[in-house]
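Here the structure is laid out as structure tokens; the discussion comes afterwards.
The values are calculated or read from the model by the stated rules, or taken from the named source; none is laboratory data. In this text the structure is predicted, and so the values were computed from the model without any measurement. As a convention, Cβ positions derive from the backbone with ideal geometry for all residues, glycine included, and neighbour counts pool all protein chains shown. Accessible surface areas use protein heavy atoms only, side chains included; no ligands, DNA or RNA. Shrake-Rupley method; radii C 1.70, N 1.55, O 1.52, S 1.80 Å.
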Amino acid sequence: MLSLTLRQLEYVVAVGRAESLSEAARTLHISQPSLSVALTQIEAIVGQKVFLRSKGRTIERTAFGVDFLDRAAEIIDRAALLENSGRHGVTDGLWVTIGCFTDLAPVCLAPMRRFLQDRFNLAGLNHRVLGFSDLAEAMQEGSVDFAVTYDVGLDSGFEKHEQAVIAPHVFVPCDDPLADQETVGLGDLDGREIILSDEGLSYRHFLALFQRAGLDLKVGHKTSSVELMRALAAHGQGVGISYTNPPTAQSYDGMPLTSIPVSDSMAQEAVILARSKTRRLQVGIETVLDALKGAAFVPNGRT
């Protein structure tokens, strides 16, 4: 007789996908102490630590745990497919984890979650908001099923589906000479102090963009968020430029500012749904991706 049950495998896979005991317990509808005891029992049965657990820290997979969770997830997926073999809904009971690039999350993540919750009978829906490099790593290691991001820094090891194409916007105070223009060319920013994101690939993307345009990029500030960028711009601390354009004419501190689209076609960037080609997809994830490919969840973009 087998010592491990499908329920125990379901528990361990849920923790691996959520990377949190409390979140996994909530989704599984059991108490956190019960889940912790179950994990201890599972590790005793297999004779290896699956997770590194310490108070106040994110749960991490051990080297053994990475392979164990892959195999456990495959068993759970096949069991779910067998259970649903007489029914139409291959996504019933599916646990989905979305990855989302940091700047896109405030405008894309909530509509995506609502769309999936309305359309599918999912067991759980989690998300991780990460920078470019971390998103790529998360897709490759399988801690997210797919991601919505810009087509920046992803090589041929990823499958990409273009959702929309958007232009960057510049942020300036209302009394700036550019404020009355309907559009701005990159050439209009030559010699101006520019405020950029400090996210590594995003920063290098704009450096390369200005270089291709033959312009002198003078970086005044690097910021950790679009809202900080907009606040600095509203106070005349430079010209902000970002592909994320919040639909408000005020910064967080109530200062008025103007947002103007960049007209250069070379500056336009694709927002994509991406997944790793090297990772096996859960049963049903392809159905979820196909549904999202036909959905509109990217504001300020053209499909």
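What you get for segment 27-172, charging only the Cβ of Lys and Arg (+1) and of Asp and Glu (-1), is a dipole of about 580 debye around the Cα centre. Quick check: from the Cα gyration tensor, does segment 198-238 come out rounded (a/c under 1.5), prolate or oblate? In terms of gyration-tensor shape, oblate. Where only DSSP H runs of four or more residues are counted, the chain gives -11500 deg cm²/dmol as its mean residue ellipticity at 222 nm, each run worth -39500 (n - 2.57). Relative to the current alpha-carbon distance between residue 123 and residue 277, full extension at 0.36 nm per residue lengthens the span by 53.0 nm.
For the chain, the C-alpha radius of gyration divided by 2.2 N^0.38 Å, with N the number of residues, is 1.17.
Taken along its three principal axes, the alpha carbon spread of segment 165-209 comes to 31, 25, 17 Å, from the longest extent down to the shortest.
Here the calculated FRET efficiency for residue 29 and residue 134, from their Cβ-Cβ distance with R0 = 41 Å, stands at 0.85, rounded to the nearest 0.05. At q = 0.09, 0.13, 0.23 Å⁻¹, what base-10 log of I(q)/I(0) does the Debye formula yield for segment 164-289 when every alpha carbon is treated as an equal point scatterer in vacuo? Computed log10 I(q)/I(0) values: -0.30, -0.55, -1.42.
Taken along the Cα-to-beta-carbon direction at a fixed 7 Å, the label points for residue 159 and residue 110 span 3.1 nm. Rounded to the nearest 5, the antiparallel percentage of DSSP beta bridges internal to segment 124-270 is 60%. Using C-alpha pairs below 8 Å separated by at least 6 residues, the relative contact order for segment 223-292 is 21 percent. Taking a straight Cα-Cα cut-off under 16 Å and skipping sequence neighbours fewer than 8 places away in the same chain, the aspartates and glutamates within cross-link reach of residue 222 are 103, 193, 198, 199.
Phi angles of segment 164-174 translate, via the Karplus equation with coefficients 6.51, -1.76, 1.60 and θ = phi - 60°, into HN-Hα couplings of 6, 10, 10, 9, x, 10, 9, 10, 9, x, 5 Hz per residue; Gly and Pro are given as x. Reachable lysines from residue 277, Cα under 18 Å, same-chain residues fewer than 8 places away excluded? The qualifying lysines are 160, 293. In this simple spin-label approximation, residue 7 and residue 293 carry label points 7 Å from Cα along the Cα→Cβ vector, and these lie 3.9 nm apart.
Taking the longest Cα principal axis of the chain as reference, the axis of helix 105-119 is set at about 40 degrees. Stokes-Einstein, applied to the Kirkwood radius of segment 1-151 over Cα pairs at a viscosity of 0.692 mPa s and 37 °C, places its translational diffusion at 200 µm² s⁻¹. The share of C-alpha pairs in segment 116-156 whose separation exceeds 14 Å stands at 51 percent. Looking at the chain alone, DSSP beta bridges between its own residues are antiparallel in about 55 percent of cases.
When you restrict to C-alpha pairs under 8 Å that are six or more residues apart and normalise by the size of segment 151-269, the relative contact order lands at 42 percent. Across 132, 101, 51, mean-square fluctuation computed from a Gaussian network of the chain (C-alpha pairs under 10 Å connected) peaks at 51.
Taking 0.36 nm per residue of separation and subtracting the current Cα-Cα distance, fully stretching the chain between residue 57 and residue 37 would add 5.4 nm.
Just the protein heavy atoms count here, and of the accessible area of segment 96-189 at 1.4 Å, carbon and sulfur take up 42 percent. State the answer as a single residue: which of 58, 115, 3 lies farthest towards the positive end of the charge dipole of the chain, with beta carbon charges of +1 for Lys and Arg and -1 for Asp and Glu, about the Cα centre. Checking the options against the dipole of the chain, the answer is 3. Computed over the chain with a Gaussian network model linking Cα atoms closer than 10 Å, the most mobile of 34, 22, 143 is 34. Among 52, 186, 209, the largest mean-square fluctuation in a Gaussian network model of the chain (Cα springs under 10 Å) belongs to 52. When you restrict to C-alpha pairs under 8 Å that are six or more residues apart and normalise by the size of the chain, the relative contact order lands at 21 percent.
Just to confirm, what accessible area per residue do you get for segment 211-275 at 1.4 Å probe, in whole Å²?
That works out to 46 Å² for each residue.
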